[in-house]
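Working notes, structure below.
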Amino acid sequence: MIQIGNIKLSLECDEKKLYSRAARILGISPKEIKSLKIVKKAVDARDKRDVHFVFSVELEVMGDEGKLLKRVSRRDVTIKPKADAVITPVPHL
């Protein structure tokens, strides 16, 4: 699963625009995105002339995510470890 942070959208934009924005960041077609989940949605109102939403999303894409991330140069694009890879502590005897 890939995580992308700091995706900016204007207040008037529909959240469906996140698919095309995420695809553009990754350099793929929006059709290659299997699923997209909004993890965080915030309003950036530091500049009163430019108030906008800032999103963090998790998404799954078709193909090898590792190879895809090698082409992306943004620091806010990362691979999130799968939740099923839970490490259980070993009790000390």
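How about the chain: which strands (runs of 3 or more DSSP E) wholly inside it have at least 2 residues that are open to solvent by 70 Å² or more (accessible area, probe 1.4 Å) and among the hydrophobic types (A, V, I, L, M, F, W, C)?
Where strands (runs of 3 or more DSSP E) fall fully within the chain and carry at least 2 residues being open to solvent by 70 Å² or more (accessible area, probe 1.4 Å) and among the hydrophobic types (A, V, I, L, M, F, W, C), they are 33-44.
Taking interchain pairs and intrachain pairs at least six residues apart, which have beta carbon atoms under 7 angstrom, with the first residue in segment 38-49 and within 13 Å of Glu15 (Cα to Cα) and the second of a type in the set (S, T, N, Q) and part of a strand (DSSP E or B)?
Val39/Ser56; Lys40/Ser56
Could you check how many residues of segment 47-74 are polar (S, T, N, Q) and at pLDDT below 85?
Within segment 47-74, residues that are polar (S, T, N, Q) and at pLDDT below 85 number 1.
Restricting the first residue to segment 7-31 and requiring it to be under 16 Å from Ala45 (Cα atoms), which pairs with a second residue that is charged (D, E, K, R) and open to solvent by less than 90 Å² (accessible area, probe 1.4 Å) meet a Cβ separation below 8 Å and a spacing of at least six or different chains?
Ile7/Arg21; Lys8/Asp44; Leu9/Glu15; Leu9/Lys17; Leu9/Arg21
The values are calculated or read from the model by the stated rules, or taken from the named source; none is laboratory data. For clarity, every value in this text was computed on a predicted model and none was experimentally measured. As a convention, Cβ positions derive from the backbone with ideal geometry for all residues, glycine included, and neighbour counts pool all protein chains shown. Keep in mind that these areas ignore ligands, DNA and RNA; they rest on the heavy atoms of the full protein, side chains included. Shrake-Rupley method; radii C 1.70, N 1.55, O 1.52, S 1.80 Å.
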